[in-house]
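Only one structure is covered here, and it is reproduced in the block below.
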Amino acid sequence: MYQVQVGLAELGLDSDQTSGFVAAFDEWAIACEYIRGDVDGTTVLTHVGRSELLRLFENANRVDA
């Protein structure tokens, strides 16, 4: 979570924008059933969810010629 917060700060998001991002991310993960309970009870992304998130970021950063 710390790395996510640092990344959002580096993007220049203020607290309202960060809250909006987190809410949208949570909604996406829940709607797509990309979450599960970890052994300690923490809610985390599934392996499929992490893969899909990486794919989304890679596609968003791709420059087509």
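The values are calculated or read from the model by the stated rules, or taken from the named source; none is laboratory data. Small disclaimer: the values here were computed from a predicted structure and weren't measured. So basically every Cβ, Gly included, is an ideal-geometry build from the backbone, and we count neighbours across all protein chains shown.
Each row is one residue, and each column tells you yes or no for (1) touching a Leu at 6+ places or on another chain (Cβ under 7 Å); (2) closer than 25 Å to Leu11 by Cα; (3) of a type in the set (Lys, Arg).
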position: Ala23; (1), (2), (3): no, yes, no
position: Trp28; (1), (2), (3): no, yes, no
position: Ala31; (1), (2), (3): no, no, no
position: Arg36; (1), (2), (3): no, no, yes
position: Asp40; (1), (2), (3): no, no, no
position: His47; (1), (2), (3): no, no, no
position: Leu54; (1), (2), (3): no, yes, no
position: Phe57; (1), (2), (3): no, yes, no
position: Asn61; (1), (2), (3): no, yes, no
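Give me the pairs, please: first residue somewhere in the range 48-65 and closer than 16 Å to Ile30 by Cβ, second residue anywhere and in a helix (DSSP H, G or I) and modelled with pLDDT of 80 or more, beta-carbon distance under 7 Å, and either six or more positions apart or on two chains.
Gly49/Ala29
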